[in-house]
Ligand code: ATP
Ligand code: MN
């Protein structure tokens, strides 16, 4: 089951009320510039949007811009913003769209800011309308129909993550509670990079904090790499686990079953990436594949899904083509790395920088560190003739303490046995700030105030983070 807890913060290390933690840690860090001082130097600009226009705002990583709706209505990737309240936009690229017209005030210095009148929002809203009808059908006749299971697919930088947010937010605004699933290891919207996960969307997604405010804890599985390429079998294994959990949840939760799921996928759509995508869509029993931004991919998926049907109703699996927004900008590898680092920072420090993680030193003897698989496999051409590679990609083995753990982001597993460590979701993450081999101990930072770990079993991958 997807664990449920009131006002939980994210897949955090458990042991303390998330709300209490947030309140107790509303202290600023010395290395962050004082927001009050910064604000007084920041400029203010006003923007008038006509109906169906959007303001596109690019903010540098580590900075914030505040936007206030002074008149009309507006939404950020489908999440309505309230009149009069400043919304804090973190580093990244944002769009503030209005259906009926809006007056906005922007405080801060964005890298770019412009209004656009051409957007694909009407098409996205029409898609939501079709999904809405299916949800209603599923609610009226749950023995015959399920809610839609939608996947957003396409190459990198076409708006997959943004459209999944829009679809989730529109569904929530109509009273549904879809499950958002993120399969992108590189730019994961739920937890840190190198994970896949799911979170029930029970309120619109916060433009500043993402899913940090979701009422339910997300279900997060740790892969360890920011790309599935080094261990595709593990990637598929985690997706299959995730799928089984979704089915189990739907058995007892009618609302979830009719609301359906919205799946964001990774932008690797060539070669092995395409094969993994097909397997993932299959594993999650996707009913509607929404392809953004590439005709070829759309054609390939149309071909590969031809004749395939949804198990229960025998209706065809639909492959749709969606237009890409002109606002989606290509992100350089450096920007992606910065986004990954920002996601890890946000996990430990809060998107606002308002959490105070704790530092703890423990003996290596107090924990066990595991890895899954055995790293990149030797190609069979590198082995003696006749010998097959014996590496098992799902093998869980212990890792001896070494300096190699320095700066590693480790998952804290719920699993107690090696099989459980492979199959269970993780409680949260810590990162290693110091390794003291001479004294057999290490120091880690944990988002939970007390620093105590809910489990002694840690999992290491290749994910590292150097605090700057
Ligand atoms: P990836 O494959 O890297 O995960 P993606 O296909 O998921 O990319 P998004 O992350 O949704 O693409 O969009 C790329 C960037 O463009 C993001 O920073 C997003 O916030 C921004 N963006 C999306 N839509 C708009 C828009 N209409 N106006 C301005 N920026 C936008
Ligand atoms: Mn994405």
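Could you state the number of Å between the C-alpha centres of region 334-370 and region 43-72?
Comparing the Cα centres of region 43-72 and region 334-370, I get a distance of 30 Å.
What is the packing order of peptides 414-426, 213-225, 312-324, taking the mean over residues of other C-beta atoms within 10 Å and listing the highest first?
Most protected by this proxy first, the peptides run 213-225, 414-426, 312-324.
Over region 404-443, calculate the relative contact order: mean separation of alpha carbon pairs under 8 Å at least 6 apart, over the residue count, as a percent.
Values: 58 pairs, mean separation 15.8, N = 40.
In percent, rounded to a whole number, it is 39.
In what order do 282, 146 fall by count of nearby beta-carbon atoms within 10 Å, going from fewest to most?
Working: 282 15, 146 22.
Lowest to highest Cβ neighbour count: 282, 146.
Please sort 200-209, 109-118, 133-142 by packing, taking for each peptide the average over its residues of neighbouring beta carbons within 10 angstrom, highest first.
200-209, 133-142, 109-118
List the relative contact order of region 203-280 as a percent without decimals, with contacts defined as Cα pairs under 8 Å and 6+ residues apart.
About 21 percent, as a whole number.
Fewest to most neighbouring Cβ within 10 Å: what's the order for 172, 199? Let's see the in-between values first.
Numbers: 172 21, 199 26.
Ordered from fewest to most neighbouring Cβ atoms within 10 Å, 172, 199 come out as 172, 199.
Using alpha carbons only, how many angstrom separate the centre of region 422-463 from the centre of region 88-167?
Using only Cα atoms to place each centre, the spacing works out to 36 Å.
Antiparallel versus total DSSP beta bridges in region 120-322: what percent is that, nearest 5?
Details: 10 of 27 bridges.
Of all bridge pairs located within region 120-322, approximately 35 percent are antiparallel.
Using packing as a proxy for protection, rank 230-237, 355-362, 396-403 so that the peptide with the highest average count of other Cβ atoms within 10 Å comes first.
Descending mean neighbour count gives 230-237, 355-362, 396-403.
DSSP beta bridges in the chain, what fraction antiparallel, as a percent rounded to 5?
On the way: 65 of 86 bridges.
Just about 75 percent of them are antiparallel.
Do you know the relative contact order of the chain, to the nearest whole percent, from alpha carbon pairs under 8 angstrom that are 6+ apart?
Across the chain, relative contact order equals 18 percent.
Would you mind computing, in nm to one decimal, how far apart the modelled labels at residue 126 and residue 452 are, each placed 7 Å from Cα along Cα→Cβ?
It is 5.7 nm.
Every read-out reported here was derived from the displayed coordinates using simple, explicitly stated rules and does not represent laboratory data. None of these values were measured; they are calculated from a predicted model. Cβ sites come from the backbone with ideal geometry, for glycine too, and all protein chains shown count toward neighbours.
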